[in-house]
1. Just order 205-212, 154-161 by mean Cβ neighbour count inside 10 Å, highest at the front, would you?
2. Using a 7 Å offset from Cα along Cα-Cβ at A166, what residues in the range 250-284 end up with backbone N under 16 Å from the label point?
3. If I stretch the segment between T16 and D258 completely, what's the gain in nm (0.36 nm per residue apart, minus their alpha carbon distance), one decimal?
4. Kirkwood Rh, the chain, all Cα pairs: how many Å?
5. What list of ³J(HN,Hα) couplings, whole Hz, do you get for the range 23-36 from phi and the Karplus terms 6.51, -1.76, 1.60, once you set θ to phi - 60° and write x for glycine and proline?
6. With unit charges on the beta carbon (Lys/Arg positive, Asp/Glu negative), name the residue among T232, S256, I151 whose Cα is farthest towards the positive pole of the charge dipole of the chain.
7. If one computes P(r) from the Cα atoms of the range 16-94, what percent of pairs lie at distances over 15 Å?
8. Could you pull out which residues in the range 153-180 have an amide N less than 16 Å from a spot 7 Å beyond the Cα of T232, following the Cα-Cβ vector?
Amino acid sequence: MARIAYVNGQYLPIDTPAVQVEDRGYQFADGIYEVWLVRDGVFLDHAGHLARMKRSLGEIRIPQPMSDVALDIALRETLRRNRLTDALVYLQITRGVSRRDHAFPAGTIRPSVVITVRPAPRAPVSARAEAGIAVITQKDLRWKRCDIKSISLLPNVLAKQAAREAGAFEAWLVNEAGEVTEGSSSNAWIITGEGRLVTRAADETILNGITRQRILRIAKAQGLVFEERPFTVDEALGAREAFVSSATSMVMPVVSIDGRPIANGAPGSLASALRASYEAGEES
């Protein structure tokens, strides 16, 4: 089945040339993106993704290109045209097309909007969660505004590639203080020996994941003790459990870091329970 993309008001086969050479997303990575996981045709955490999109646009001063209603129609129509009910829906908004110059273009230009959809079958993700994943550590080389969901992801790409070449699923990024900031495409968590859930606070060093936010609400509703603070690689290696969270992985247990096992090297009970709560749609 040919995949269909939404490109600036048109629904086109995904292999149709449609993005102009002087689009600032292509020239400068001057734009933002969002990714929704869709299950049974439902966009999970939809309101949270829209709110973060608006924040990211505001932080880099790109006007929202269409109303919430129009965007919602475009997202759902692109999904419908691809005839999928379990999918990942990717939205990218760039500043638009103008003569190449680092500074913002003079006057008003129209932001560019692209929506693509791809299948997201459940079985591979569930199997990965049952086995747990390996992560490696990499130096955090990213810019200092990781709270913006920017399309400028080269350091993340290099870290993810290093993980794949090492036979791991994810890379945990480590700052100069030896603290884990987050994964190349996920938030990082540990569970201490005392059963405390720990993840880094949502400041400018991490992307405040929508899945991360929901896990914290679930933890609060269930009376779990959690701390939003930095943790080191050594603390993670000594933890009872570890996991990553993202829209695509939900809650994914980590069983080893740099080839060293976490606890008994198997997915932990609390991470598995949080995943079950997330999949069941539990909320505060």
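1. Working: 205-212: 22.2, 154-161: 16.1.
Top to bottom by mean Cβ count within 10 Å: 205-212, 154-161.
2. Flagged as within label range: 254-262.
3. Details: separation 242, 0.36 × 242 = 87.12 nm, distance 4.17 nm.
Full-extension gain reported as 82.9 nm.
4. On the way: mean 1/r = 0.0504 Å⁻¹.
The answer is 19.8 Å.
5. So the Karplus estimates, Gly and Pro as x, are 5, 5, x, 6, 6, 10, 6, 8, x, 10, 8, 9, 9, 9 Hz.
6. Highest projection toward the positive end goes to I151.
7. Numbers: 1872 of 3081 pairs.
Within the range 16-94, distances greater than 15 Å cover 61 percent of Cα pairs.
8. Only 174-180 pass the distance filter.
Since every read-out is calculated from the coordinates, none of them should be taken as a lab result. The shown structure was predicted, so the numbers you read here are calculated from the model rather than taken from an experiment. Positions of Cβ are backbone-derived with ideal geometry, glycine not excepted, and every protein chain shown enters the neighbour counts.
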